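Before any comments, here is the structure.
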Amino acid sequence: MSSALKLTLSLIMAIFLATGTQLAHAGSAKTFTLKGSHTINGLFSSLSVTPVKVDNKKLQGFFGAGPGKDVPAGRRTILLYVKLRNGAFDWIYNGGATVKANLRAGRTYQAVGKVKGKSVKVWIKDAKSGKRVSSIVAAKMTKCPPVLKACH
């Protein structure tokens, strides 16, 4: 391996570690993997549910949350960011909700939601079985015009 490649890999590793991004393997003996979801409900309608904090600790690193984050197993409080878009020229709705779940090591979980009108309910499910593992919580949504960047 060339010294330039070694240096590049070392720098990338340092950035990941400095920003709190965990590099543990999914399904390790002490952690679970938590990921978000993005559902397209029509041509310009979509719902995104993204876990942003576990036990009040930020999940996103320098490069964002990525496909999933490894988190220590156990009873956890998870803050979810919710974004709902209802059409090309309609308002965008942003919000959040906190769910509690007892999450087991070696498993992969996904934050999901369901839209009913302008209301969004969110929860955590086991990604393999599809079984709900947390309470279902209504997200508190804020209406933002589609051109207002501060709301995104």
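Read-outs throughout are calculated quantities, based only on the coordinates presented, and are distinct from any laboratory measurement. In this text the structure is predicted, and so the values were computed from the model without any measurement. In this analysis, Cβ positions are derived from the backbone assuming ideal geometry, glycine residues included, and neighbour counts consider all displayed protein chains.
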(request) Hey, can you grab everything whose amide H is under 5 Å from the amide H of residue 32? Only 5+ residues off in sequence or another chain; H modelled, so Pro and N-termini drop out. (result) 71, 73, 106
(request) Compute the signed sum of charges (Lys and Arg +1, Asp and Glu -1) over the other residues within less than 13 Å, Cβ to Cβ, of residue 142. (result) +4
(request) Hey, can you grab everything whose amide H is under 5 Å from the amide H of residue 134? Only 5+ residues off in sequence or another chain; H modelled, so Pro and N-termini drop out. (result) 124
(request) Rounded to whole Hz and in sequence order, give me ³J(HN,Hα) for segment 95-110 from the Karplus expression 6.51 cos²θ - 1.76 cosθ + 1.60, θ = phi - 60°, writing x for Gly and Pro. (result) x, x, 7, 10, 10, 10, 8, 9, 10, 8, 5, x, 9, 10, 10, 9
